[in-house]
Structure formats: structure tokens, C-alpha cells
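The values are calculated or read from the model by the stated rules, or taken from the named source; none is laboratory data. Since we're looking at a predicted model, the values are computed, not measured. Glycine gets a Cβ as well: all are built from the backbone with ideal geometry, and neighbour counts include every protein chain shown.
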């Protein structure tokens, strides 16, 4: 029995609505997209790296490219007030063939386009363009928790001539961020006049057995010495541009702990302890032979 002509348009409308609901789900099944952030807990303004893995489950090769020559990879970010920020599109390769059954992985520095300046939880979603369906397919929702921390040490300095920002007054700050397992020592670099954050990054895990030691050398670089493992100290040198130029390690020998001092030429050096290279594996000595293990005939 056929329906009356009056009912046919409604059936078409219902069918179109059903296809509209099912088509995105079918498209999502074509790509398996996994998004991970480089860690869970951050200090505000810290760099964030996202790793996106996409597996082609279409059963056929796909010509991967964005619409109208735009990027095929973009990110949505929801701030701690649950407000979405404008989508970020990152430059990707020119049109490429995405082989059936293969997986591609991209690492993206999100802080190249967005500053995570508020404390609280941010949600990040990656979107990958699916040319056959002409739509972006969303990944899982990755969360990053950002904390604010007051500095426990601060030091202004002038940028030497010949360097970027020469003549500016900038400021080093040290602060800590605690999680369940570690306390991490952080450096922030600011432009002193405008309070513009130029760099924020972790110097490493800090053990509270001893206080960090800080000193500025003749080039106004910041040198920090702190215990990072039991009896092991990290010596980190940061330049006026906010880059780590050197990282060395020293071992405490009995009661002789390493410490920062100024030498006769006003250079900052480490005295005490002994140099330690964590990449060198010390061979273990084989266990001694028991008296019971005498060779046959003895």
C-alpha cells in the first residue's frame, strides 16, 4: 500500500534528516584520530605540544588536502571558562596521498599560535579534513590543566649589546609547580617594563633537600644549581633570550656538595662534588665465587 502524495514529502524530509545524522558518523569511521598532549599539568604560558595520529580506515587511498588550498589539520581550544577560541589552522604539506591502512603522525606546537595564559582546564580537539565527505573529522578531547605560581626569586637585568633586544630590561623569575610525584623548577623570562612573558619552561625536577642556588654571570646569563635526584645536582645556564645553552650534572661526594662561586675573573663556576655524566652506565661487578663453588678436583 502506497502512502498518499501528502505523506511523501515528509518521508523525503525524514530520510534527509536521517542521512544528515548518519553521514558524519560514517565519515568519522573513515579516520581513526588520536590526540595527545605532551603532558597533563602545565604552568601558565608554558609551551604545549600536541601529537596527532591519523589512521586511514577508508579501505582506499585518500588525497589528503584542505578545502580551497587551506590546511587539512586544525585545532579547537576551549578555555577554562568553557569559551571556544577561534580555530587554529596549521600549515601542513601540500596535497599528499594518504595510503589505505597507513597512519600518519604530526607533532604541533600549539603555543606558536595560542597562549595558555589562564589557570584552569583547557580542552583541545584536533580536526582533520576528510575530502570525500568534505568535512573535518574530530579527534578525542585532550585536557591540559594549567596552574599559576608566584615566583620565589626574581632578578632584573639588561640585555647586552649585540643581542636581540639589546638595551631592554628583562627579568628572570623562578617558581615551582607541584604534581602528585614531583616538584618541578620553572623559569620565566619577562620584559620588565611591559611584563610581557617571553619564555616559560621547566628546568627539571627539584628535590627540597637543598635550596636552589642562582647567579648571573658576566653576560647576564642566569646560572642555576639545584638537586634533581638524591645526591645529584643539575647546573643549568639560560641566556638572555630564554634559551638553555648548557646543562651539566654534578654528584655530591660524602659531605662535599657542589655550589656556585665566582672565580678570580668573576666567572660563575661550580665548586665541590664531582662531575657526573648520567649517560654513562657503570658496569656492575660480578658476584664473588662461593667456597662451595670450587672447580672440580680441588
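Side notes on the structure shown:
- Members of the stretch 35-62 found to be over 17 Å from residue 138 (Cβ atoms), touching a strand residue (DSSP E or B) at 6+ places or on another chain (Cβ under 6 Å) and without any contact (Cβ under 8 Å) to a residue 60 or more places away in the chain, listed by number: 38, 61
- Any hit, the stretch 127-134, residues being touching a helix residue (DSSP H, G or I) at 6+ places or on another chain (Cβ under 7 Å) and under 28 Å from residue 43 (Cβ atoms): no
- Matching option when the condition is in the same structural domain as residue 172 (by TED's automatic domain parsing), surrounded by 13 or more Cβ atoms within 10 Å (Cβ to Cβ), touching a residue at least 40 places away in the same chain (Cβ under 8 Å) and within 30 Å of residue 161 (Cα to Cα), among 269, 238: 238
- Of all residues in the stretch 67-77, those being in a loop (DSSP other than H, G, I, E, B) and modelled with pLDDT of 85 or more number 2.
The rows are residues; the columns are (1) within 18 Å of residue 46 (Cα to Cα); (2) in a loop (DSSP other than H, G, I, E, B).
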{"position": "188", "(1), (2)": "yes, no"}
{"position": "201", "(1), (2)": "yes, no"}
{"position": "204", "(1), (2)": "yes, no"}
{"position": "209", "(1), (2)": "no, yes"}
{"position": "215", "(1), (2)": "no, no"}
{"position": "226", "(1), (2)": "no, no"}
{"position": "240", "(1), (2)": "yes, yes"}
{"position": "250", "(1), (2)": "no, no"}
{"position": "266", "(1), (2)": "no, yes"}
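- Exclusive hit being within 30 Å of residue 179 (Cα to Cα), crowded, with 16+ Cβ neighbours inside 10 Å and touching a strand residue (DSSP E or B) at 6+ places or on another chain (Cβ under 6 Å), set 128, 124: 124
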